[in-house]
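FYI, it's all coordinate maths here, none of it is from the lab. Note that this is a predicted model, so its numbers are computed, not measured. Cβ atoms come from the backbone with ideal geometry, glycine included; neighbour counts cover every protein chain shown.
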Amino acid sequence: MSMIAEGLTHLEKELLLAVRDCNRFPIGRFELHSTKESSLVSTALDNVVIERSDDSMEQVKTIGSALASLEEKGLVFLDYDLKIRVVSDYDAIANSDLFAQFCQMAEDAQLHPEFLFDRAELCKGLAKITVKGERVAKSLHPRIKVKQR
């Protein structure tokens, strides 16, 4: 397991420990939907974690990519098929500048009949640590600082 831990970036290690140490680690997906065709859905931004309302697109994409990498390595599971959610867990994402800009973009699209995607939605999910992820997290050096979420 330590070989896996050695192959992780600092951010991946930080995120793995944060997911492990958090009861619920909320993530979001910015989706575009169509009011003209209900089956049309497009993911605009995946695995969104927002710590501050003014987090930049670059920060959010970097964290999202790190989460996707952890999932590919089998260390976390990113679950968007939740039946029950704690709505307040998603306040930071829903009230962020990025989500406001995303919603404005979709609203602007409503003015153009040729645009199919004209409704913004936040798909809510959770990151969960796997058994393999637990073992890797235990092998990590204890001095890595983890931000509380």
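Using 32 Å as the Cα-Cα cut-off, could you pick out the over-long pairs in 36/73; 61/138; 36/83? Too far apart for the 32 Å limit: 36/73. Note on residue 124: aspartates and glutamates with a C-alpha under 15 Å away, same-chain residues under 8 apart excluded, are 31, 46, 79, 81, 89, 91. When both the stretch 120-139 and the stretch 1-37 are represented by their alpha-carbon centers, they are found 6 Å apart. The alpha carbons of the stretch 1-138 stretch over 55, 29, 27 Å along the principal axes, in descending order. Peptides 6-17, 73-84, ordered by how many other C-beta atoms sit within 10 Å of their residues on average, highest first, read 6-17, 73-84. Over the residues of the chain, the helix contribution to mean residue ellipticity at 222 nm works out to -11500 deg cm²/dmol, using -39500 (n - 2.57) for each DSSP H run of at least 4.
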